[in-house]
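**Q** First, the structure itself, so that you have it in front of you.
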Amino acid sequence: MNADHSEFVEGPDGWIPVALSVDLPEAGVMRAVIAGAQPLDLVVWRSRSGQVSAFDNRCPHRGMRLSFGFVRGERLSCIYHGWQYGEDGGCRHIPAHPDMTPPTSICANTYACQDHDGVVWVSKGADNSDDLPNFGGQGLRSLSVERGETVLRKLLAETHLPVSLTSDMQMAEAAIATQTRTSLVLEARSDAKNLRLMVHFQKITPDRTMLHVQTSPELPAELRISLSRWAERFRWSAENLGTMINSWDATSQETHP
Amino acid sequence: MTTSDVARNDWYPVAIDNLLTNGQSEVVVLMQEELTISRGNDGVIKVTAQDGRPCPVAINYGHVWSSIGQPDHALFDIPEAHEDGRRMVDCGPVRVKASPLRVVENFLDIAHFPFVHTDILGAEPHTEVEPYKVEIRDTVDEVWATRVRFFQPQAAKSAEEGQMTDYMYRVPAPCTSILYKTCPPRPGSWDVIALFVRPISEDLCDAYAWMALYDETSKQSDLVQFQQMIFLQDRSILENQIPRLLPLDPKMEVPTRADTTSIAYRRWLKRKGMTYGAQLVAR
Ligand code: FES
Ligand SMILES: [Fe+2]
């Protein structure tokens, strides 16, 4: 059977894509959910200098979700009482006691986090040695789809991509060039030489997946717009179309009793 | 007394007195039980549980109070409510998806003013919480915090500019908190603002704000609106605290000196066996 079952008990090992780098700018804060029997609720943030970090989405003080917080310089500040945390999770400042150095025991729970190849990755395990892709893609968009990852991979293997600079509707068959644990690359022949689409999968639940999509660099703007519309249509058809998909769903659900 | 008895046998607000006219009735939920509050044509209020049993009724501080159990004590007294010259303002219920105990604890907290009520009840860089005094008064079985001081840019509807404001906090019952604060038009007197909370379930409640103020100039609707705006800011916090229940295990959340009132409140709840809306062990 496939690997999904154990992943939804333990949660996936290794690096998990949680955002396109362009969607988490300097001083940006976002929430990310990682699948598992007890899904992880995380805050992912980028400091002024560009460093990315991921913590449990819960302030150690009074439990406020840190994803409602804001970045000040190199620190994430909680919205409730303004406690500030460094990228190592350590509490650096407690505004109610401005002259006090917070004890090192006050610490947000951290996860490994890195910005690589245009994607922000998080890992919950100790072993972060597995390879990350080096596709050199350019961020297009992220989208949440009400389908499991297995089904989406199958649908992508049969998709057609828009390839024309002049018509949104001129499509060409796409082929999978590369497949990895977290990602796949589609290739199609287009007006603009070599069109590649990188899709990174973030499992949210067995039936919901976040897709982080990149294109090959230096594509004409018109084509990127067409691809963005294609992604919208792909989501719609994945969520709404056909018996075939339903039967795939049934197969994949057998593995998540 | 078992744990649930402490919660069951207490008084909770179930309606606003002057919004219930003769011959009218309304249904509310108190701790997962449906109660019907009705006022007869003679003006007398009755509260009836779903199984038809009559529930105790008290009317005070603009609210109708009842219980799904049998309280062995009278409703707490707020002596200031009987003072001449005060305006009584009830602000109506606000639904909060959080434990009633989290709602009360937030009401006892001043350190969040600069961040949650920015430029109204607090403002950076005036974030320091000076030491204050907290005690559990055993004779009355209440939590009190006194000598609390905090800088406020606009302390009340009637305040024009920033000032150090004095506060006192009183917790007469697990789901009620009363705050006393400097009264700008009448130095030496205290404005009284209370929060009465009705648990609907362990992590859902209705909070009723009630005020007894020395303020002859502000419009009633402005006073209500000011208080509602403040409370809606609190609600956006309360509905995003994890877990939704109030943790009574001291290992679960990390307090500092500014949280002395909250520490005493949690300890008092634990000692009383008030666990409705609380989480006892870390999960
Ligand atoms: S809950 Fe985060 S600073 Fe208080
Ligand atoms: Fe508040």
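The values are calculated or read from the model by the stated rules, or taken from the named source; none is laboratory data. The structure displayed is predicted, hence computed values, not measured ones. Quick reminder, even Gly has a Cβ in these numbers, built from the backbone with ideal geometry, and neighbours come from all protein chains shown. Ligands, DNA and RNA are stripped out before the accessible areas are found, and what is left, the full protein with its side chains, is counted by its heavy atoms. Shrake-Rupley method; radii C 1.70, N 1.55, O 1.52, S 1.80 Å.
**Q** Yes or no: A:Asp99 facing chain B (nearest Cβ under 10 Å), part of a strand (DSSP E or B) and surrounded by fewer than 17 Cβ atoms within 10 Å (Cβ to Cβ)?
**A** no
**Q** Go through B:Glu161, B:Glu202, B:Glu239, B:Glu216 for me and flag whichever is without any contact (Cβ under 8 Å) to a residue 24 or more places away in the chain and acidic (Asp, Glu).
**A** Going through B:Glu161, B:Glu202, B:Glu239, B:Glu216 in turn, the sole match is B:Glu161.
**Q** Within segment A:67-81, work out how many residues are facing another protein chain (nearest Cβ under 10 Å) and away from ligand 2 (no atom under 16 Å from the Cβ).
**A** 4
**Q** Determine whether B:Val148 is within 15 Å of ligand 2 (Cβ to nearest atom), over 16 Å from the mean Cα position of the chain (by Cα), in a strand (DSSP E or B) and crowded, with 17+ Cβ neighbours inside 10 Å.
**A** For B:Val148, the condition - within 15 Å of ligand 2 (Cβ to nearest atom), over 16 Å from the mean Cα position of the chain (by Cα), in a strand (DSSP E or B) and crowded, with 17+ Cβ neighbours inside 10 Å - is met.
**Q** Could you look through segment B:252-262, keep only residues that are in contact (Cβ under 8 Å) with a residue 40 or more places away in the chain and surrounded by fewer than 20 Cβ atoms within 10 Å (Cβ to Cβ), and pick out the one that is farthest from the other protein chains (Cβ to nearest Cβ)?
**A** For segment B:252-262, the residue satisfying everything is B:Thr260.
**Q** Do you know which residues across segment B:121-155 are of a type outside the set (D, E, K, R) and within 15 Å of ligand 1 (Cβ to nearest atom)?
**A** Selection gives B:Gly122, B:Thr127, B:Val129.
**Q** Out of B:Ser201, B:Ser189, report the one residue that is of a type in the set (S, T, N, Q), away from ligand 2 (no atom under 14 Å from the Cβ), outside the structural domain of B:Pro13 (by TED's automatic domain parsing) and within 18 Å of the chain's Cα centre (by Cα).
**A** Just one listed residue meets the conditions, B:Ser201.
**Q** For segment A:37-44, indicate whether the set of residues that are under 30 Å from B:Phe107 (Cα atoms), within 16 Å of ligand 2 (Cβ to nearest atom) and open to solvent by 30 Å² or more (accessible area, probe 1.4 Å) is non-empty.
**A** no
**Q** Those residues that are within 14 Å of another protein chain (Cβ to nearest Cβ) and either touching a Leu at 6+ places or on another chain (Cβ under 6 Å) or assigned to a loop (DSSP other than H, G, I, E, B) (or both), I need them from segment A:104-119; list them, please.
**A** Within segment A:104-119, A:Thr104, A:Ser105, A:Ile106, A:Ala108, A:Asn109 meet the criteria.
**Q** Also, quick follow-up: Out of all the residues in segment B:92-111, which are away from ligand 2 (no atom under 14 Å from the Cβ) and closer than 18 Å to B:Leu179 by Cβ?
**A** Once the filter is applied, which keeps residues that are away from ligand 2 (no atom under 14 Å from the Cβ) and closer than 18 Å to B:Leu179 by Cβ, segment B:92-111 yields B:Pro100, B:Leu101.
**Q** Name every residue in segment B:240-251 that is open to solvent by 20 Å² or more (accessible area, probe 1.4 Å) and facing another protein chain (nearest Cβ under 8 Å), in order of residue number.
**A** B:Asn240, B:Ile242, B:Pro243
**Q** Considering segment B:112-137 alone, what residues qualify as being within 12 Å of ligand 2 (Cβ to nearest atom), open to solvent by 10 Å² or more (accessible area, probe 1.4 Å) and touching a residue at least 60 places away in the same chain (Cβ under 8 Å)?
**A** B:Val116, B:Ile120, B:Leu121
**Q** Further question on the same structure: Is it the case, given these coordinates, that B:Leu269 is within 16 Å of ligand 1 (Cβ to nearest atom) and open to solvent by less than 10 Å² (accessible area, probe 1.4 Å)?
**A** no
**Q** So which residues in segment A:83-97 are under 17 Å from B:Pro255 (Cβ atoms) and touching an Asp or Glu at 6+ places or on another chain (Cβ under 8 Å), if there are any at all?
**A** Residues satisfying the conditions are A:Pro95, A:Ala96, A:His97.
**Q** Taking the condition among the aromatic types (Phe, Trp, Tyr) and either within 14 Å of another protein chain (Cβ to nearest Cβ) or within 16 Å of ligand 2 (Cβ to nearest atom) (or both), does B:Phe76 pass?
**A** no
**Q** Same structure, new question: Would you say A:Ala54 is over 25 Å from B:Thr127 (Cβ atoms) and surrounded by 20 or more Cβ atoms within 10 Å (Cβ to Cβ)?
**A** yes
**Q** I'm checking my understanding of the structure. Among residues of segment A:45-66 that are in a loop (DSSP other than H, G, I, E, B) and within 14 Å of another protein chain (Cβ to nearest Cβ), which one is nearest to ligand 2 (Cβ to nearest atom)?
**A** Here the answer is A:Arg62.
**Q** If B:Lys219 satisfies all but one of (1) within 14 Å of chain A (Cβ to nearest Cβ); (2) closer than 18 Å to B:Gly92 by Cβ, what's the number of the condition it fails?
**A** (1) is the only condition that B:Lys219 fails.
**Q** Going by the conditions given, is A:Thr182 among the hydroxyl-bearing types (Ser, Thr, Tyr), within 27 Å of A:Asp41 (Cβ to Cβ) and surrounded by 14 or more Cβ atoms within 10 Å (Cβ to Cβ)?
**A** Yes.
**Q** Inside segment B:103-120, can you point out the residues that are facing chain A (nearest Cβ under 9 Å) and either part of a helix (DSSP H, G or I) or more than 11 Å from ligand 1 (Cβ to nearest atom) (or both)?
**A** Listed by number, the residues that qualify are B:Glu105, B:Asn106, B:Ile110, B:Pro114, B:Phe115, B:Val116.
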